[in-house]
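Below is one structure; the comments refer to it alone.
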Amino acid sequence: MTTAKTLVGRGPVPVKQQRKSWTRETAESLGWALIIFLIVRTFAFQAFRIPTPSMEDTLLPGDFLFVNKFAYGAEIPFTDIRLPGFTEPQRGDIIVFQYPLKPEQDYIKRCVAIGGDTVEIRDKQVYVNGKPATGGYEVYRDPHIKRGQRDNMAEMKVPPGCLFMMGDNRDNSSDSRFWGVVDMKLVRGKAWVTYFSWDMDRNVPRFSRMFKLIK
């Protein structure tokens with residue numbers, strides 16, 4: 001003989017309880033989203049905007065880009081510890097770093113020389129380890145600008161763990177020629193891709209520069 005069991009329901013959930021449940025779930029979802037965002041921003045990728053023409057024509061004012069922070073190893077916040085990276089900075093890399101004279105400000109330049117290299121500038125020509133540096137970005141834009149510190153620099157040796165950085169727009173760039181080398185502790189990461197670009201003179205987007213690899 002089978003005995004039927006009667007299931008007693010709890011009845012409808014009060015509206016006030018439903019609101020509390022929805023509010024809690026929403027807060028938890030936003031909390032997790034914020035945690036994931038902070039982890040990605042700290043250890044993987046971070047967005048930056050180009051404000052000046054110092055990296056023309058490689059990067060233009062109004063370019064928005066992602067920086068790969070784990071390429072060289074992301075720094076653990078509030079410490080001097082850097083996680084292992086996939087590679088070390090190389091000559092020719094475009095790198096975002098904290099401005100040595102004002103660390104709360106970020107700069108982006110091209111790495112011309114690494115620790116142990118010698119750098120010299122003679123008559124607008126850059127020499128690394130005694131040899132003329134090669135590549136289109138080594139050419140100055142304005143040959144009529146008066147010669148000075150930007151065009152001539154006595155030979156110097158880059159200390160270990162440091163980088164000598166210069167803008168591609170050599171005649172309009174504040175860089176290592178003027179304020180010295182960049183310690184690896186100040187490096188944010190390697191410039192990776194432009195995801196958006198806005199022409200500030202014409203107030204229109206530059207569609208041809210969107211999702212363009214930086215090199």
Among residues of the range 47-93 being under 19 Å from P160 (Cα atoms) and of a type in the set (V, I, T), the residue modelled with the lowest pLDDT is I81
Just one of the numbered conditions (1) part of a strand (DSSP E or B); (2) modelled with pLDDT of 95 or more; (3) among the small types (G, A, S) is not true of G189; which one? (2)
Looking only at the range 158-215, count every residue that is closer than 21 Å to R122 by Cβ and among the β-branched types (V, I, T) and tell me the total. 2
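The values are calculated or read from the model by the stated rules, or taken from the named source; none is laboratory data. Source: prediction; values computed, not measured. Cβ sites come from the backbone with ideal geometry, for glycine too, and all protein chains shown count toward neighbours.
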